[in-house]
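Asker: Structure provided below as structure tokens; questions to follow.
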Amino acid sequence: MCCGSSTAVHAEGNKAKEVKSPQGVPFLVPRQTIVETQGQSQTRDYFFSPSLVSAGGVLVFFAESHINDTNLHEEHASVAYADVVAGYVDSAKSWSSFVDEVSANKWKVHSVFNRVIQVGHASRAIYPTVIAKGNKVFLLAGGYYLKSDPSSKQRIEVSRGFDLLVGEATQDKVIQWSEPTSLLPKIEPSAKQGGLDQFVSAGGSGVVMEDGTLVFPMVARRERNHFVMIIYSKDDGKNWLLPLGMLPAECTDPLIVEWEKGQLLMIADFMFGRRVYESRDMGATWTEAVGTLTRVQSMFFPRSWRIAERVESITTATIAGKKVMLYTQKGLPPGEKTRATALYLWVADNSRTFH
């Protein structure tokens, strides 16, 4: 999911060619897009952490949606609320018909996962992370409750969740969702062994490996630090394994793909840029992949002078018989020297990179 205007598209080292980007359409609009929640039509103050998958002929848009404190019922005036919403598009329909529907504000999204609001509590379902396999969609979401403490006038965390929902595409081109299942009992033995707690999904997308394994990026806490890890299932979500390999503590916002068979690549933010890590043992160990996707491993000083170029999303595809990685990355538009505001699509085969 992206938007923008026309930009230069070229192969590195070659002459640039001007092409016009596809027309963008804002389909998750704060205080405008309709959200169906338990039979009621509402809007949201803002949307966060979007992702997109395709399953059974249905394009499914996901996002974390928020309602600010002041917009809630007077009884819940001190409560902030966040849920996971999903919108459905029949992939057989034309893009123009979808644009017309969105432009007329007739396209709706649906609240598919939330935590029950309690008086005096902040209820938040966060960082939806999704995988599509066949007709099914697997949604991993974190969540927590914060309770207001009148004496300190602070909110205190009282519980956390780490839940999986499985949906299936229907003939009506929507997704029918199961009840959420907590994954905490399934990973508890490994978590105790590794001294881990406070699990949360990472946002964005997971990956289906060549052998059918489902892999989600996630974050867990050990003592005072938070670490990027993975969780995976080899039986379509019935059982889940938590390997104890992890990225360094300073890494955040992971993106994951399978490159070679059995080779997982993870791109993650760190303080001054991005790093690429790889695992060939299903997340038991991670090593920095020096020389892999070098174009994304940028570093800029000082940060106050220039907004770092960020990789926003990554996937793999086979084009003309060649397996490649496609990723979007912010960069400097022509004439700009300090702010990376243009969004570019890059294609890489690990020896060449084009955008």
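Asker: Give the residues of region 256-265 that are under 13 Å from Val215 (Cα atoms), out of contact with any Lys or Arg (no Cβ under 9 Å at 6 or more places or on another chain) and not acidic (Asp, Glu), sorted by residue number.
Answerer: First, pick out the residues of region 256-265 that are under 13 Å from Val215 (Cα atoms): 256-258, 262-265.
Among the residues that remain, those that are also out of contact with any Lys or Arg (no Cβ under 9 Å at 6 or more places or on another chain) are: 256-258, 265.
Of everything in region 256-265, those that are under 13 Å from Val215 (Cα atoms), out of contact with any Lys or Arg (no Cβ under 9 Å at 6 or more places or on another chain) and not acidic (Asp, Glu) turn out to be Ile256, Val257, Leu265.
Asker: Quick check on Pro333: is it surrounded by fewer than 18 Cβ atoms within 10 Å (Cβ to Cβ), at pLDDT 75 or above, outside any strand (DSSP E or B) and over 20 Å from the mean Cα position of the chain (by Cα)? Walk me through how you get there before you give the answer.
Answerer: Numbers: surrounded by fewer than 18 Cβ atoms within 10 Å (Cβ to Cβ): yes; at pLDDT 75 or above: yes; outside any strand (DSSP E or B): yes; over 20 Å from the mean Cα position of the chain (by Cα): yes.
Against the criterion (surrounded by fewer than 18 Cβ atoms within 10 Å (Cβ to Cβ), at pLDDT 75 or above, outside any strand (DSSP E or B) and over 20 Å from the mean Cα position of the chain (by Cα)), Pro333 qualifies.
Asker: Continuing with this model, one more query. If we keep just the residues of region 227-249 that are of a type in the set (Gly, Ala, Ser) and over 15 Å from Pro185 (Cα atoms), which is modelled with the lowest pLDDT? Talk me through it step by step, then tell me what you get.
Answerer: Going residue by residue through region 227-249, those that are of a type in the set (Gly, Ala, Ser) are 233, 237, 245, 249.
When the remaining residues are screened for being over 15 Å from Pro185 (Cα atoms), the result is 245, 249.
Numbers: Gly245: 97, Ala249: 90.
Step by step, filter region 227-249, then rank; the result is Ala249.
Asker: Looking at (1) free of Cβ contacts under 8 Å to residues at least 40 places away in the same chain; (2) buried (at least 22 other Cβ atoms within 10 Å of the Cβ); (3) under 14 Å from Asp281 (Cα atoms), which is the only condition Glu260 fails?
Answerer: Tallying (1) free of Cβ contacts under 8 Å to residues at least 40 places away in the same chain; (2) buried (at least 22 other Cβ atoms within 10 Å of the Cβ); (3) under 14 Å from Asp281 (Cα atoms), Glu260 fails exactly one: (2).
The values are calculated or read from the model by the stated rules, or taken from the named source; none is laboratory data. Computed from a prediction, not measured in an experiment: that's the story for all the values here. Positions of Cβ are generated from backbone atoms using ideal geometry, with glycine treated the same way; all protein chains shown enter the neighbour counts.
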